[in-house]
Amino acid sequence: MNHLLIDENLPASLAATLPIPCSHATDLGKQPTDRQIWDYARERNWNIITRDTDFFDRLLLDGPPPKVIWVRLGNDLQKIAHDLILRQKQLGDRLRVS
């Protein structure tokens with residue numbers, strides 16, 4: 001998977017939890033606009049992860065890149081993501097052992 005650009009409506013700490021290269025929207029400056037985030041990701045062929053439907057709408061109009069991961073989970077996203085990654089790692093460890 002390409003680099004992920006995490007929208008500002010998700011916690012910046014999520015970047016440290018995911019096992020892939022990530023940046024947070026606040027790395028672009030204080031409160032970047034959706035257009036700035038979109039253009040930055042598009043120029044670099046990165047993917048955007050967001051809870052914001054605006055990016056999904058923009059994807060329908062403009063097409064990729066970037067690809068958009070639209071998160072529709074509750075407020076415990078960081079814990080859910082961490083648990084999923086941990087389970088994936090544990091499964092991979094089990095498969096390597098057998």
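Every number here is computed from the coordinates shown, using simple stated rules; none is lab data. For clarity, every value in this text was computed on a predicted model and none was experimentally measured. Here the Cβ is made from the backbone with ideal geometry for all residues, glycine too, and neighbour counts use every protein chain on show.
Table for the structure above
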| item | result |
| --- | --- |
| FRET efficiency, 1/(1 + (r/R0)^6) with R0 22 Å, evaluated for TRP70 and ASP39 via beta carbons | 0.75 |
| Extension gain, ASP27 back to ARG87 (0.36 nm per residue minus Cα-Cα distance, nm) | 18.7 nm |
| Region 1-52: trypsin sites (Lys or Arg not before Pro) in DSSP coil with no more than 16 other Cβ atoms inside 10 Å | LYS30, ARG51 |
| Likely footprinting exposure, ILE48, ILE20, fewest C-beta neighbours within 10 Å first | ILE20, ILE48 |
| FRET efficiency estimate (nearest 0.05) - Cβ-Cβ, HIS3 to ASP62, R0 25 angstrom | 0.85 |
| Interchain or long-range residues, amide H under 5 Å from GLU8's placed H | ALA25 |
| Residues whose placed amide H lies under 5 Å from that of ILE69, excluding near-sequence neighbours | ILE48, ILE49, THR50 |
| Dipole moment magnitude, nearest 20 debye, region 1-43 about Cα centre, only Lys, Arg, Asp, Glu C-beta charged | 40 |
